[in-house]
Amino acid sequence: MKMICKNCESEFSGRKENKYCSRRCFDDARRVNLVAEKNPNWKDINATYGHKHRWIRQHYGKASECQSCGSEYMVEWSNVDHKYSRDINDYQQLCKKCHAEYDTKMFGWAVRRKCEKQV
(Lines give C-alpha, C1' and ligand atoms only; values in the text may rest on other atoms or scores of the structure.)
Protein backbone atom coordinates (compact mmCIF):
# COMPACT_ATOMS: atom_id res chain seq x y z
CA MET A 1 0.00 0.00 0.00
CA LYS A 2 1.36 3.45 -0.93
CA MET A 3 1.56 5.88 2.01
CA ILE A 4 2.77 9.48 2.55
CA CYS A 5 5.23 10.04 5.42
CA LYS A 6 3.83 12.50 8.01
CA ASN A 7 7.28 13.95 8.60
CA CYS A 8 9.07 14.27 5.24
CA GLU A 9 5.99 13.82 3.02
CA SER A 10 7.74 11.28 0.80
CA GLU A 11 5.84 8.34 -0.64
CA PHE A 12 6.63 4.88 0.77
CA SER A 13 5.24 1.36 0.73
CA GLY A 14 3.96 0.00 4.00
CA ARG A 15 1.09 -1.16 6.11
CA LYS A 16 -1.80 1.23 6.72
CA GLU A 17 -0.83 1.70 10.39
CA ASN A 18 2.61 3.06 9.39
CA LYS A 19 2.70 6.86 9.43
CA TYR A 20 6.43 7.38 8.81
CA CYS A 21 8.75 6.10 6.10
CA SER A 22 11.59 5.29 8.51
CA ARG A 23 12.61 5.21 12.16
CA ARG A 24 14.58 8.41 11.56
CA CYS A 25 11.44 10.27 10.37
CA PHE A 26 9.52 8.91 13.35
CA ASP A 27 12.24 10.13 15.77
CA ASP A 28 12.46 13.54 14.08
CA ALA A 29 8.70 14.02 14.25
CA ARG A 30 8.61 12.92 17.89
CA ARG A 31 11.47 15.25 18.84
CA VAL A 32 9.61 18.22 17.34
CA ASN A 33 6.24 17.27 18.80
CA LEU A 34 7.41 16.53 22.36
CA VAL A 35 8.93 19.90 23.19
CA ALA A 36 8.14 21.85 26.37
CA GLU A 37 4.48 21.57 27.42
CA LYS A 38 3.80 18.71 24.98
CA ASN A 39 6.39 16.51 26.67
CA PRO A 40 4.90 14.22 29.35
CA ASN A 41 7.93 14.90 31.60
CA TRP A 42 7.45 18.69 31.45
CA LYS A 43 7.65 20.17 34.97
CA ASP A 44 7.34 23.93 34.26
CA ILE A 45 7.30 25.71 37.65
CA ASN A 46 8.22 22.49 39.47
CA ALA A 47 11.50 22.10 37.55
CA THR A 48 14.66 22.16 39.64
CA TYR A 49 17.00 25.13 39.96
CA GLY A 50 19.59 23.41 37.76
CA HIS A 51 17.09 22.51 35.05
CA LYS A 52 15.86 26.10 34.79
CA HIS A 53 19.42 27.41 34.43
CA ARG A 54 20.17 24.69 31.86
CA TRP A 55 17.03 25.73 29.93
CA ILE A 56 18.22 29.37 29.83
CA ARG A 57 21.67 28.31 28.54
CA GLN A 58 20.15 26.03 25.89
CA HIS A 59 17.77 28.68 24.60
CA TYR A 60 19.87 31.84 24.99
CA GLY A 61 23.43 30.54 25.00
CA LYS A 62 26.25 30.92 27.45
CA ALA A 63 26.46 34.23 29.30
CA SER A 64 29.28 36.21 27.73
CA GLU A 65 29.69 39.67 29.29
CA CYS A 66 28.85 41.01 32.73
CA GLN A 67 26.11 43.65 32.46
CA SER A 68 27.44 45.34 35.59
CA CYS A 69 31.22 45.65 35.14
CA GLY A 70 31.78 44.47 31.54
CA SER A 71 34.02 41.54 32.51
CA GLU A 72 34.11 38.51 30.22
CA TYR A 73 35.63 36.23 32.89
CA MET A 74 33.41 33.65 34.69
CA VAL A 75 30.11 35.17 33.53
CA GLU A 76 26.86 33.38 34.42
CA TRP A 77 23.13 33.90 34.14
CA SER A 78 21.67 35.55 37.25
CA ASN A 79 17.96 35.51 38.00
CA VAL A 80 16.67 39.01 38.77
CA ASP A 81 13.71 38.31 41.07
CA HIS A 82 14.51 34.70 42.08
CA LYS A 83 11.18 33.41 40.77
CA TYR A 84 13.07 31.52 38.01
CA SER A 85 10.57 31.97 35.20
CA ARG A 86 11.50 30.99 31.65
CA ASP A 87 11.52 34.61 30.50
CA ILE A 88 14.87 36.02 29.31
CA ASN A 89 13.91 39.43 30.76
CA ASP A 90 14.01 37.81 34.21
CA TYR A 91 17.73 37.04 33.80
CA GLN A 92 20.89 39.11 33.57
CA GLN A 93 24.48 38.25 32.72
CA LEU A 94 26.80 38.84 35.68
CA CYS A 95 30.33 37.74 36.53
CA LYS A 96 30.64 35.68 39.72
CA LYS A 97 31.79 38.68 41.76
CA CYS A 98 28.93 40.96 40.64
CA HIS A 99 26.46 38.07 41.00
CA ALA A 100 27.49 37.57 44.65
CA GLU A 101 27.29 41.34 45.30
CA TYR A 102 23.86 41.53 43.64
CA ASP A 103 22.44 38.65 45.69
CA THR A 104 23.88 40.11 48.91
CA LYS A 105 22.48 43.58 48.20
CA MET A 106 19.06 42.46 46.92
CA PHE A 107 18.36 39.49 49.16
CA GLY A 108 20.69 39.86 52.13
CA TRP A 109 22.51 36.64 51.34
CA ALA A 110 25.99 36.25 52.71
CA VAL A 111 28.72 35.68 50.17
CA ARG A 112 30.04 32.12 50.47
CA ARG A 113 33.70 32.04 51.36
CA LYS A 114 35.95 29.19 52.33
CA CYS A 115 36.57 29.13 56.05
CA GLU A 116 40.18 29.31 57.05
CA LYS A 117 41.40 26.77 59.55
CA GLN A 118 41.66 28.22 62.99
CA VAL A 119 44.81 27.29 64.87
### Filtered residue count, segment 52-68, keeping only those that are at positive phi and surrounded by 13 or more Cβ atoms within 10 Å (Cβ to Cβ)
0
#### Entry: In segment 1-51, residue modelled with the highest pLDDT [restricted to those that are basic (K, R) and surrounded by 11 or more Cβ atoms within 10 Å (Cβ to Cβ)]
R24
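The values are calculated or read from the model by the stated rules, or taken from the named source; none is laboratory data. It should be emphasised that the depicted structure is a prediction, and the values quoted were computed from it without experimental measurement. Glycine gets a Cβ as well: all are built from the backbone with ideal geometry, and neighbour counts include every protein chain shown.
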